[in-house]
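Read-outs: derived from the displayed coordinates by stated rules, not from any lab. Quantities reported herein were computed from a predicted structural model and do not represent experimental measurements. Cβ coordinates were reconstructed from backbone atoms using ideal geometry, including for glycine residues, and neighbour counts include every protein chain displayed.
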Ligand SMILES: O=C(O)[C@@H](CO)OP(=O)(O)O
Ligand SMILES: [Mg+2]
């Protein structure tokens with residue numbers, strides 16, 4: 001029933017207005033799935049390769065489609081993903097592009113769930129999944145590679161850890177985002193928005209902490225449960241390999257100083273989550289920081305691990321971090337993303353499912369988070385391509 005009969009690929013727009021790959025998979029019995037690849041701006045050096053959309057599509061049509069149509073079953077996700085790997089023939093999808101690969105991989109999963117008549121999270125996670133929901137990490141203030149002339153730290157995240165349901169958590173993050181707007185207006189600070197919809201005022205990181213803390217206080221009064229703060233430092237983007245320091249607008253920090261600085265931030269701001277506090281090759285710095293604060297916060301590797309089981313295994317061996325960010329397009333297939341989640345779980349690491357800064361209305365990651373019972377999902381707070389996922393979580397919770 002789930003034999004793949006047709007794979008179509010096209011260029012569509014992502015949220016930055018760039019072309020990205022959309023895939024459609026149809027099965028013998030008429031099952032249909034459509035999915036689109038997201039795209040990063042602060043991409044890790046060790047990520048699978050995203051090719052320009054047109055090239056990725058041409059290569060996938062030439063190399064992958066003939067190995068899929070009439071050859072694999074959409075219900076056999078590992079079979080689909082193995083065919084994609086075989087068609088590509090490289091470690092990092094540099095032939096067909098990780099953008100073509102992930103779009104096809106996700107579209108096949110949706111086609112299979114369509115045939116089965118089960119929601120995608122259930123097809124991916126099994127019959128006993130669907131009653132644990134992730135806490136959404138909502139990006140409310142940001143800068144780095146996502147907005148010019150804003151904060152050095154890439155993302156200030158709201159984490160509504162006390163929310164009684166994912167629906168209330170989603171609305172809580174929107175309330176924090178709205179409260180940041182009010183606080184900025186009161187302080188006469190004009191601000192546009194960055195790529196993920198976070199406010200991007202031209203302020204120091206210290207001022208951003210104060211603004212977000214104030215906004216969280218107000219939102220907590222409104223919703224009546226605890227909201228904490230998290231960060232994506234995206235430290236690789238600040239790292240200057242030549243001089244061996246992190247470059248902030250007002251200072252520089254060595255690796256040791258960066259560990260001290262972030263450990264201080266965890267305590268001063270009671271952070272529940274810190275992503276990429278150190279650059280992507282600094283396993284040792286990650287291990288030091290995890291030693292110091294890993295008992296009270298998630299130290300999460302994004303550029304460090306790039307959803308890659310080999311890099312994650314090295315982190316596990318060295319005690320670097322206690323959490324992994326999972327982005328299917330960093331590695332190219334859903335099977336690889338699941339393997340990363342499994343390896344993490346088996347070793348006491350929390351998996352956090354994540355969007356990219358360039359997104360589409362695709363909702364696959366909302367299902368992936370429920371399918372894996374991930375404790376957190378990072379998918380913004382506002383903006384259509386972000387609310388697509390958040391609203392899907394609301395629907396999943398309601399069994400809609
Ligand atoms: O660094 C990150 O975690 C992501 C998403 O927030 O950004 P990008 O997609 O630009 O890599
Ligand atoms: Mg990141």
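Observations on the structure shown:
- Pairs of Cα atoms nearer than 8 Å and 6+ residues apart set the relative contact order; for the chain it is 19 percent.
- The antiparallel fraction among DSSP beta bridges confined to the chain stands at about 60%.
- Across all Cα pairs in the chain, the calculated P(r) in 20 Å bins from zero up to the longest distance comes to 29, 58, 12, 0 percent per bin.
- Label reach from residue 128 (point 7 Å along Cα→C-beta): in segment 359-398, no amide nitrogen lies under 11 Å.
- Annotation: peptides 218-224, 368-374, ranked by per-residue average of other Cβ atoms within 10 Å with the highest first, follow the order 368-374, 218-224.
- Highest average packing first - 8-15, 268-275, Cβ atoms within 10 Å: 268-275, 8-15
- With semi-axes defined as the square roots of five times the eigenvalues of the C-alpha gyration tensor, the equivalent ellipsoid of segment 71-141 measures 26, 20, 9 Å, largest first.
- Between helix 166-186 and the chain: long-axis angle, C-alpha atoms, 0 to 90°, nearest 10: 40 degrees
- On Cα atoms only, tilt of 309-318 relative to the major axis of the chain in degrees: 40 degrees
- Its Cα gyration tensor gives segment 152-219 an equivalent ellipsoid; the semi-axes, largest first and in whole Å, are 21, 12, 11.
- The residues 199, 239, when put in order of fewest to most other Cβ atoms within 10 Å, stand as 239, 199.
- For segment 1-43, relative contact order (Cα pairs under 8 Å, six or more residues apart, normalised by length) works out to 37 percent.
- Computed extension gain for residue 206 through residue 252, at 0.36 nm per residue and net of the alpha carbon distance, reaches 15.0 nm.
- Whole-angstrom gap from segment 325-400 to segment 76-152, using each part's C-alpha centre: 7 Å
- Virtual paramagnetic centre 7 Å along Cα→Cβ of residue 11, amide N under 14 Å, in segment 20-50: 20-22
- 0 to 90° range, to nearest 10: angle between helix 283-293 axis and the chain longest Cα axis: 60 degrees
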